[in-house]
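First comes the structure, then the notes that go with it.
The values are calculated or read from the model by the stated rules, or taken from the named source; none is laboratory data. Predicted, not measured: the structure shown is a model, and the values here were computed from it. FYI the Cβ positions are ideal-geometry reconstructions off the backbone, even for glycines, and counts take in every protein chain you see. Heads up: the accessible areas ignore ligands, DNA and RNA and are worked out on the full protein's heavy atoms, side chains in. Shrake-Rupley method; radii C 1.70, N 1.55, O 1.52, S 1.80 Å.
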Amino acid sequence: GVGMGMTAPVSITAFPAEDGSFQQKVKVSLRIPSQFQNNPPCPTDESIQIEERQGMTIYSTQFGGYAKEADYMSYAAKLKAALGSDAAYHKDFYLCNGYDPPMKLYGRHNEVWFVKK
């Protein structure tokens, strides 16, 4: 019953298929605001779970505009190419992050993260 407002980033965990496209399975994560961190409200919907995300080291790239699935796929492919074959990161998923509310028209910020092993 408490409104928390929008948090950033909105993070989508993508599980890429062999061709790089998203599988049907994705996970959307929202950051719980600081004032609720120690005692987060209990979800009333069983499909919503509270998880603690551990610290991580990431490889990242950023881009602007209204991000679509094709944009995230394209930037993930570019990041993969830039890292080459020597970088150790989880290849079975990556994170797609958007930092702006839908009504923001200009100066939008999006990122793709690969999590280092």
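Of note:
- Looking across Q35, Q62, one residue alone is surrounded by fewer than 10 Cβ atoms within 10 Å (Cβ to Cβ) and out of contact with any Ser or Thr (no Cβ under 7 Å at 6 or more places or on another chain). It is Q35.
- Evaluation of L83 against (1) under 17 Å from the mean Cα position of the chain (by Cα); (2) in contact (Cβ under 8 Å) with a residue 24 or more places away in the chain (one fails), failing number: (1)
- Scanning region 5-14 turns up one or more residues that are at pLDDT below 90 and over 13 Å from the mean Cα position of the chain (by Cα).
- The set of residues from region 90-117 being among the hydroxyl-bearing types (S, T, Y) and surrounded by fewer than 19 Cβ atoms within 10 Å (Cβ to Cβ) comprises Y99, Y106.
- Taking region 2-19 as the range and being in a loop (DSSP other than H, G, I, E, B) and either under 17 Å from Q37 (Cα atoms) or of a type in the set (S, T, N, Q) (or both) as the test, the residues that pass are V2, G3, M4, G5, M6, T7, A8, P9.
- Tally, over region 71-89, of residues that are open to solvent by 60 Å² or more (accessible area, probe 1.4 Å), within 17 Å of T57 (Cα to Cα) and part of a loop (DSSP other than H, G, I, E, B): 1
- Where S29 falls short, out of the listed (1) in a loop (DSSP other than H, G, I, E, B); (2) open to solvent by less than 50 Å² (accessible area, probe 1.4 Å); (3) at pLDDT 90 or above: (1)
- Test for Q49: is it surrounded by fewer than 10 Cβ atoms within 10 Å (Cβ to Cβ) and in a helix (DSSP H, G or I): no
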